[in-house]
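Chemist: Take a look at this one; I'll ask things after.
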Amino acid sequence: VFVALLAPVSGQRSDASGRRKLWLAVYTGLTVACMAALFFIEDDPSYLLPGVILVALGSVFFEIAEVNYNAMLVQVAPKDKLGRISGFGWGMGYFGGLVALTVVLFAFVQPDVGLFGVTSEDGLNIRAVALFAALWFVAFAVPLFLFVPEAPASGEARKGNFFTGYVVLARHLRTMWRTDRRTLGFLVSSAVYRDGLAAIFTFGGVVAAGTFGFSATEVVIFAIGANLTA
């Protein structure tokens, strides 16, 4: 609900101002901060609520960041190759996940004493994965900020406060309902589909461990299989 309410208007305003990269950097930084903060969530039920809050906030920040990120596709791909480059980028995301999961499996999760002397005491080997993932995210985000130029402002009026954007959004949706319902239907179905993907990748490991009794190693192997399939 938060993503649905915030993402379209925040994306519209960053397009209008020509500050897409700036807001992508802000939301990427917030996502990374939430990921890194999971290091402090210990293997104890008393940490459940702060852990869930961090995962939820990180998910919202990530989805809003993706609005600006996806909009950059038209800056790096010619029109006749948009689909190919988009699909390649999507696939490389899962490939990166495969590599990262393999690294954490053998560096932190499986060994009795892992990289940097990490052990399973207080769940440290699992908590270390949060820091690794945050650093991995930063490392592969840097090239985008270095090499992709900022897009010019869209020219769309950006008057009033943040809530004025909902008026503009309503006007766009009304126009699409009248003139381009197929695209509107695609956007709605795409949102539902991506929510389903997010749920699978967020809760798949939880269900595997909590319902089916997977060990930490088995959860990571399960995640590797899920990324490979994706």
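The values are calculated or read from the model by the stated rules, or taken from the named source; none is laboratory data. From a predicted model like this one, the values you see are computed outputs, not experimental measurements. Positions of Cβ are generated from backbone atoms using ideal geometry, with glycine treated the same way; all protein chains shown enter the neighbour counts. For the accessible areas, the whole protein counts, side chains as well, though only heavy atoms, and no ligand, DNA or RNA atoms are used. Shrake-Rupley method; radii C 1.70, N 1.55, O 1.52, S 1.80 Å.
Chemist: Sorted from largest down, give the three principal axis spans of the alpha carbons of the stretch 166-213, whole angstrom values.
Modeler: Cα extents, longest axis first: 51, 22, 10 Å.
Chemist: Once you put a point 7 Å from the Cα of Phe140 and another 7 Å from the Cα of Thr102, both along the Cβ direction, what distance in nm separates them?
Modeler: Between Phe140 and Thr102, the simple spin-label model gives 1.3 nm.
Chemist: First compute the accessible area of the chain with a 1.4 Å probe, then give the percent of it belonging to carbon and sulfur atoms. List each step's numbers first, then the result.
Modeler: Values: 10290 of 14670 Å².
That share works out to 70 percent.
Chemist: Once amide H atoms are placed 1.01 Å from N in the peptide plane, what residues at a sequence separation of 5 or more from Ala151, or on another chain, have their amide H within under 5 Å of its amide H?
Modeler: Arg20, Lys21
Chemist: Still on this structure, please answer the following. Mind running the shape call on the stretch 91-132? Use the C-alpha gyration tensor, a ≥ b ≥ c as the square roots of the eigenvalues: rounded below 1.5 for a/c, prolate if a/b tops b/c, oblate otherwise. Intermediate values should be presented prior to the final figure.
Modeler: Working: a/c = 3.23, a/b = 2.28, b/c = 1.42.
Taking the square roots of the gyration eigenvalues as a ≥ b ≥ c, the stretch 91-132 is prolate.
Chemist: How much length would be gained if the chain were fully extended between Ser17 and Ala4, taking 0.36 nm per residue of separation minus their Cα-Cα distance, in nm to one decimal?
Modeler: Numbers: separation 13, 0.36 × 13 = 4.68 nm, distance 2.10 nm.
Full extension from Ser17 to Ala4 adds 2.6 nm.
Chemist: Another question, then. Per residue, how much accessible surface does the stretch 67-174 expose to a 1.4 Å probe? Answer in Å², no decimals.
Modeler: Per residue, the stretch 67-174 has 66 Å² of solvent-accessible surface.
Chemist: Net charge around Val26, counting only other residues with Cβ within less than 13 Å of its Cβ (Lys, Arg = +1; Asp, Glu = -1)? Before the final figure, lay out the partial values.
Modeler: Numbers: positive: Arg13, Arg19, Arg20, Lys21; negative: none.
Around Val26, the charge tally is +4.
Chemist: For the chain, what does the helix formula give at 222 nm: sum of -39500 (n - 2.57) over DSSP H segments with n ≥ 4, over the residue count, nearest 500 deg cm²/dmol?
Modeler: Working: 9 runs with 169 residues, N = 230.
Roughly -25000 deg cm²/dmol at 222 nm, from the helical runs in the chain.
Chemist: Going by alpha carbons, how many degrees (0 to 90, nearest 10) lie between the helix axis of 124-147 and the longest principal axis of the chain?
Modeler: 30 degrees
Chemist: From the C-alpha gyration tensor of the stretch 132-230, pull out the three semi-axes of the equivalent ellipsoid (sqrt of 5λ each), sorted largest to smallest, in whole Å.
Modeler: Numbers: eigenvalues 285, 102, 34 Å².
Taking √(5λ) for each Cα gyration eigenvalue gives 38, 23, 13 Å.
Chemist: Across bins of 5 angstrom width beginning at 0, how are the C-alpha pair distances of the stretch 1-68 distributed, in whole percent?
Modeler: Once binned at 5 Å, the Cα pair distances of the stretch 1-68 give 3, 19, 24, 20, 14, 10, 6, 3, 1, 0.
Chemist: Related question: Can you work out the Karplus-derived ³J(HN,Hα) for every residue in the stretch 193-199? Use 6.51 cos²θ - 1.76 cosθ + 1.60 with θ = phi - 60°, whole Hz, and x for glycine or proline.
Modeler: Rounded to whole hertz, the list is 4, 5, 5, x, 4, 4, 5.
Chemist: Hey, another quick one. Give, in nm to one decimal, the length gained when the segment between Leu82 and Ser46 is fully stretched (0.36 nm per residue of separation minus the Cα-Cα distance). Each step should come with its number before you reach the end.
Modeler: Working: separation 36, 0.36 × 36 = 12.96 nm, distance 4.67 nm.
My answer for the length gained is 8.3 nm.
Chemist: Further question: Starting from a Cα-only point model with no solvent, please compute log10 I(q)/I(0) by Debye for the chain at q = 0.11, 0.14, 0.15 1/Å.
Modeler: -0.67, -1.03, -1.16
Chemist: Right, here's the next one. Output ³J(HN,Hα) for the stretch 45-59: one whole-Hz value per residue in order, computed from phi by the Karplus curve 6.51 cos²θ - 1.76 cosθ + 1.60 with θ = phi - 60°, and x for Gly and Pro.
Modeler: Values per residue, Gly and Pro as x: x, 5, 8, 4, 4, x, x, 5, 4, 5, 5, 5, 4, x, 5 Hz.
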